[in-house]
Amino acid sequence: MKPKTKLLTATIVGVGIVVIAALAWALSPIDYLASASQSRTFSIDCDYAKFRQIMVRKNATAAIVGQSGMTLLDEKIQDIDIDTSQDKRPLLNAIRGQSESSVVAIKEITVRLEDPALEADELVLRQQADIQPDGMNVVTESKFPAGNLKHYITTLDANPSDNGTEVSLTVALDVQVRLPGLFSGRADSEVNAAAGDAIDGQVAAIQKLIATHADKRLILPEFSSGD
């Protein structure tokens with residue numbers, strides 16, 4: 001065999017080995033952390049004072065969780081701080097739905113997961129709500145991993161607007177999957193789609209909850225069994 005022929009043969013063999021090695025890696029199962037984040041901002045035709053009243057008194061947590069691929073099992077208030085110092089008539093204004101008080105509350109929420117791919121039945125969440133007369137912020141985050149769901153967090157911000165109330169939502173999650181490295185992009189797409197479905201469900205739940213109660217003059221408190 002001529003030297004040039006030997007060199008060409010060696011090159012072809014070397015390239016072939018590299019290709020085979022690359023394919024072997026691409027097709028070998030690996031543990032991959034797929035991450036996704038989605039956000040939505042929308043307006044609701046309901047003034048912020050009434051929106052706040054409905055969200056606080058009508059157990060918005062149960063309504064939102066139920067549209068996020070989960071089922072509410074339990075919720076317990078761990079801490080609550082109510083500041084009435086800026087409200088001259090806190091009781092009367094609360095009845096009128098014109099409260100100027102501030103509320104900061106921490107809850108522990110337990111939900112049932114409906115997706116069998118997560119390989120977990122329950123997820124424990126910590127929710128911190130900061131509810132002010134001019135805006136609210138609610139952060140709900142997983143306390144521990146649950147099966148393949150390594151982290152979950154959702155936020156809700158609401159503020160008065162010219163059209164009523166502007167609401168911004170985010171959902172972010174990390175899911176561990178085992179699959180060939182070649183398909184890691186597909187895993188990201190599927191988790192991103194799941195985050196999108198969850199946030200679309202939250203939007204629909206909030207819109208439905210507000211629409212159900214917005215025309216009522218008196219919003220009576222609704223207590224969950226876990227309180």
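None of the figures in this text is laboratory data; all of them are computed from the coordinates on show. Only a predicted model underlies this, so the values are computations on that prediction, with no experimental measurement involved. Here the Cβ is made from the backbone with ideal geometry for all residues, glycine too, and neighbour counts use every protein chain on show.
In cubic angstrom, how much convex hull volume per residue do the alpha carbon atoms of the stretch 111-150 span? Before the final figure, lay out each step's value.
Numbers: hull volume 2.8 nm³, N = 40.
Dividing the Cα hull volume of the stretch 111-150 by its residues yields 69 Å³.
With Kirkwood's inverse mean 1/r over C-alpha pairs for Rh, give me the Rg to Rh ratio of the stretch 35-79, two decimals please.
Details: Rg = 13.4 Å, Rh = 13.0 Å.
Over the Cα atoms of the stretch 35-79, Rg/Rh equals 1.03.
Just to confirm a number: summing +1 for Lys and Arg and -1 for Asp and Glu over residues other than residue 137 whose beta-carbon lies under 11 angstrom from that of residue 137, what do you get?
-2
Whose amide H sits under 5 Å from the amide H of residue 165, counting only residues 5 or more places off or on another chain, with H placed in the peptide plane?
For residue 165, whose amide H was placed from the backbone, the distant partners under 5 Å are 44, 46.
What's the local net charge at residue 190, with K and R +1, D and E -1, over the other residues with C-beta under 12 Å away?
So the environment of residue 190 carries a net charge of -2.
Quick check: pseudo-label points 7 Å beyond the Cα along Cα→Cβ at residue 189 and residue 204, how many nm apart are they?
Going by the 7 Å Cα→Cβ label model, 2.3 nm.
Grab the other residues whose beta carbon is less than 14 angstrom from that of residue 164, score K and R as +1, D and E as -1, and report the net.
Taking every other residue near residue 164 into account, the sum is -3.
Which links in 76/150; 50/216; 50/208; 107/143 stretch past 18 Å when you go from one Cα to the other?
Over 18 Å apart, Cα to Cα: 76/150.
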